[in-house]
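Visitor: What follows is a structure written as structure tokens; I'll ask about it next.
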Amino acid sequence: MRVLRKGMRGSDVAEVQSILKLIGYNISSVDGIFGENTEQAVKAFQRNNGLSADGIIGPRTYERLEPFLLGYALYKIKPGDTLYKIANQYSTNVYSITTANPGINPFFLNVGEEIIVPFGIDVVQTDIPYTYDVMEKDIQGLVMRYPFLVVDTIGKSVEGRNLYMIKLGEGPREVFYNGSHHSNEWITTPVLMKWIEQFSKAFAMDGIIRGYPARTIWEQATIYIVPMVNPDGVELVINGISPDHPRYNEIIQWNDGSTNFDRWKANIRGVDLNRNYDASWDEFKEMEESLGVDGPGPYLYGGPSPESEPESKAVADFTREHDFRLVLAYHTQGEVIFWNYRNLQPPEALKIGEMLAAVSGYTLAEPVGAALYAGYKDWFIKEYRRPGYTIEVGRGENPLPISQFEEIYENNEELLLLAALV
Ligand SMILES: [Zn+2]
């Protein structure tokens, strides 16, 4: 974490603004610009935490902020403590503490034992550019408060970032959801992350979410989620590229000399991961030239061979290692659901697609143009003859503004529940 001070801007500034606002400080706008208002809020936070109020976020201030970003604190039990007392002290409730610490006996607390105390705030931040770092913190925060979640990695990106996988449920129906194959469609990552949080919350309370008993889904399905398939690309779109990056020159060249990466969909090697699967890949190669693609670039370059990239290979390998009944790949070009591939989809694919369309308000559609080739769901349908869908959320130019998040999430919460059961 770099030191943040007045005059700076960036996704890390937005992250701090978002958390200060969430815990009650006066932040007028979560805009990633560290101005007077943000400085005042940082000073107030510092005063409340016994720090010198210089308005600069250095290591000590960050150390105090970080538990809020993770959504929990570690607490060592003292003589005379009760969970109720601890919960009050942290503005949270006893139930969230017992959920986070399943081994604990509320009536016999062990003095000196360290427990996890989740704060009474949500973990997943949905009002900021959702970087890989933000996702990592959210995953850690979610696992600490919901220890029934299983977190693993399915591989690493070109630059060595983890391709995280979160598993929910213990049922026989295996389904797989993934987001951010395309880097400028990163808004799909917080949609999946927020859904993990909402579902976990419901399951922890043995509750109901959108009319679905969470326990039923947990017992009938196992849901595997890779929220960010292309973390290097997401980083490029959100934070740009530093001149000391080893690929700086070629990436700028591929991007036609521009340092603005809003249109970048590919991974860091300029390969469009959703044109890199073995489904009509050769045919697509023959079309590339007519699409103006002559090699690595922001989008539509299918790579030197199918699964040439570690990210697409990891997703394909992970798929081969499982017995997925259905898959969903999240994208953001329009409010449509693509459901078929060369008529290889199973007979029930249309009916399930209609159900997903009905609960989301999206339109079922047949792909046209480049979208006909080499995508993940195409490969899945071709390989397994099972239902696979590309869910295109939101409207407008990528990257979609995070202000669309609430509406997009609203449209997809039930879809993600239903897809585990159909
Ligand atoms: Zn896409």
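Visitor: Which length gain, in nm to one decimal place, applies between residue 354 and residue 1 when the Cα-Cα distance is subtracted from 0.36 nm times their residue separation?
Guide: Working: separation 353, 0.36 × 353 = 127.08 nm, distance 4.55 nm.
Between residue 354 and residue 1, full extension yields 122.5 nm more.
Visitor: State which entries of 167/382; 43/194; 156/313 exceed 22 angstrom in Cα-Cα distance in the structure shown.
Guide: Beyond 22 Å between Cα atoms: 167/382; 43/194.
Visitor: Please check: in the Gaussian network model of the chain (C-alpha springs, under 10 Å), which one of 229, 158, 393 has the largest mean-square fluctuation.
Guide: Sorting by GNM fluctuation, first place goes to 158.
Visitor: In addition: Using only the Cα atoms of the stretch 93-221, what semi-axes does the equivalent ellipsoid have when each is the square root of 5 times a gyration tensor eigenvalue? Give whole Å, largest first.
Guide: On the way: eigenvalues 145, 72, 41 Å².
Semi-axes (√(5λ), whole Å): 27, 19, 14.
Visitor: Treating each Cα of the stretch 72-118 as an identical point scatterer and ignoring solvent, apply the Debye formula and state log10 I(q)/I(0) at q = 0.21, 0.30 Å⁻¹.
Guide: So the normalised log intensities are -0.59, -1.36.
Visitor: Antiparallel DSSP bridges in the chain: what percent, to the nearest 5?
Guide: 50 percent
Visitor: Taking the chain as the reference, fit the longest principal axis to its C-alpha atoms, fit the long axis of helix 11-22 to the helix C-alpha atoms, and give the angle between the two in degrees, 0 to 90, nearest 10.
Guide: 50 degrees
Visitor: Moving on to the next point. For residue 363 and residue 113 in the same chain, what is the full-extension length gain: residue separation times 0.36 nm, less their Cα-Cα distance, in nm? Write out the running numbers ahead of the final one.
Guide: Numbers: separation 250, 0.36 × 250 = 90.00 nm, distance 5.33 nm.
Contour length minus the Cα-Cα distance gives 84.7 nm.
Visitor: Right, here's the next one. As a test of the formula, what do you get for the chain when each DSSP H run with n ≥ 4 contributes -39,500 (n - 2.57) and the sum is divided by the residue count, at 222 nm and rounded to the nearest 500 deg cm²/dmol?
Guide: -11500 deg cm²/dmol
Visitor: If you don't mind, there's one more thing I want to ask. Just want to confirm a number: the relative contact order over the chain, from Cα pairs under 8 angstrom separated by 6+ residues, in percent.
Guide: About 14 percent, as a whole number.
Visitor: Let me ask something else about it. Got a sec? Charge dipole of the stretch 126-198, +1 on Cβ for Lys and Arg, -1 for Asp and Glu; which of 196, 179, 149 is way out at the positive end?
Guide: 149
Visitor: Compute the projected area of the convex hull of the Cα atoms of the stretch 287-330, averaged over all viewing directions, and report it in nm² to one decimal place.
Guide: 4.2 nm²
Visitor: Under the √(5λ) rule applied to the eigenvalues of the Cα gyration tensor, what semi-axes describe the equivalent ellipsoid of the stretch 11-69? Give them in Å, descending.
Guide: For the stretch 11-69, the semi-axes come out at 16, 12, 10 Å.
Visitor: Also, quick follow-up: Helix 405-418: angle to the longest alpha-carbon principal axis of the chain, degrees 0 to 90, nearest 10?
Guide: Roughly 70 degrees between the two axes.
Visitor: Moving to a separate point now. In a Debye calculation with equal point scatterers on the alpha-carbon sites of the chain and no solvent, what is log10 I(q)/I(0) at q = 0.07, 0.09 Å⁻¹?
Guide: Each listed q corresponds, in turn, to -0.36, -0.59.
Visitor: Given a Förster distance of 30 angstrom, what is the FRET efficiency for residue 404 paired with residue 40, based on the Cβ-Cβ distance and rounded to 0.05?
Guide: Computed FRET efficiency for residue 404 and residue 40 comes out at 0.55.
Visitor: Between residue 60 and residue 23, what FRET efficiency follows from the Cβ-Cβ distance if R0 is 22 Å, with the result rounded to 0.05? Don't skip to the end; give the middle numbers.
Guide: Details: r = 18 Å, r/R0 = 0.80.
Efficiency, from the Cβ-Cβ distance: 0.80.
Visitor: How long is the gain from residue 140 to residue 287 if the chain were fully straight, where each residue apart is worth 0.36 nm and the alpha carbon distance is subtracted?
Guide: Additional length available on full extension: 48.6 nm.
Visitor: Distance between the C-alpha centers of the stretch 26-86 and the stretch 139-207? Whole Å please.
Guide: Centre-to-centre (Cα) distance: 27 Å.
Visitor: Which FRET efficiency, nearest 0.05, do residue 75 and residue 11 yield, Cβ-Cβ r, R0 35 Å? Working shown, then result.
Guide: Numbers: r = 30 Å, r/R0 = 0.87.
Once rounded, the FRET efficiency stands at 0.70.
Visitor: Putting +1 on Lys and Arg Cβ atoms and -1 on Asp and Glu Cβ atoms, find which of 220, 79, 339 reaches farthest to the positive end of the dipole of the chain.
Guide: Most positive-ward Cα: 79.
Visitor: What is the angle, in °, between the Cα long axis of helix 36-48 and the longest principal axis of the Cα atoms in the chain? Nearest 10 is fine, range 0 to 90.
Guide: Its long axis makes an angle of about 40 degrees.
Visitor: As a test question: what accessible area, to the nearest 10 Å², does residue 31 have when a 1.4 Å probe is rolled over all protein chains in place?
Guide: 80 Å²
The values are calculated or read from the model by the stated rules, or taken from the named source; none is laboratory data. Bear in mind that the values here come from a model prediction, so they are computed numbers and not experimental data. Cβ atoms come from the backbone with ideal geometry, glycine included; neighbour counts cover every protein chain shown. For accessibility, only protein heavy atoms count, side chains too; no ligands or nucleic acids. Shrake-Rupley method; radii C 1.70, N 1.55, O 1.52, S 1.80 Å.
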